[in-house]
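Reviewing the structure listed below.
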Amino acid sequence: MSKLWKLFIYLLLKFLRNFIARKHNFPYATRCKTFDQKIMGIDKTEELLKKFDYKFERKNNELIVKMDFSQRMIIDFSDSEKIKIKDKLVGWNFLTGLIEMSIKNATLYNFIGAIVMTFLFVYLDLEYSGINLIFFFLIFIIWVILWTMFYLVKAESLKRTLISWNE
């Protein structure tokens, strides 16, 4: 199996584990996306972001890091016990178009779109047997998988970088 497929399967399993843990309030979900306030301070994080030339904006107790291709990472310092890191796709992006949502919701949105496209293409293929629409379906699936992996890798790498900076 190629390294790309192994990475994709690893990220998919990690995403599903976090999604299930959050849905059922397992402790893993809170450990995964939060940090101890004593370790990571907003001033220290802001200083490191400036040092490494990240584009960001500070709003009250939040840092909004602007990343490539309309991706934002929101670091919320408002809770004194823990720090929350959230991701968001804004403006024009390659997964949701103009709709703003998190990467998790974009994955769900595109999964539902793929199911709708499947039924539509099956119906059209049965109705018009001369047209083979599987090519367009495969292009759509590959597009969604590649951009989802891109956004997930960028978000996780920034999160890991922030953790390593503040240890």
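Descriptive notes on the structure:
- Segments classed as strands (runs of 3 or more DSSP E), wholly inside region 37-81, with at least 2 members that are modelled with pLDDT of 90 or more and among the aliphatic types (A, V, I, L, M): 62-67, 71-76
- Count of region 38-82 residues, restricted to those that are within 20 Å of LEU152 (Cα to Cα), touching an Asp or Glu at 6+ places or on another chain (Cβ under 8 Å) and of a type in the set (Phe, Trp, Tyr), is 1.
- Any hit, region 120-142, residues being at pLDDT 90 or above, over 21 Å from ASN61 (Cβ atoms) and assigned to a helix (DSSP H, G or I): yes
The values are calculated or read from the model by the stated rules, or taken from the named source; none is laboratory data. Predicted model, so just to flag it, every value in this text is computed and none were measured. Reconstructed Cβ throughout: ideal geometry from the backbone, glycine too, with neighbour counts over all protein chains shown.
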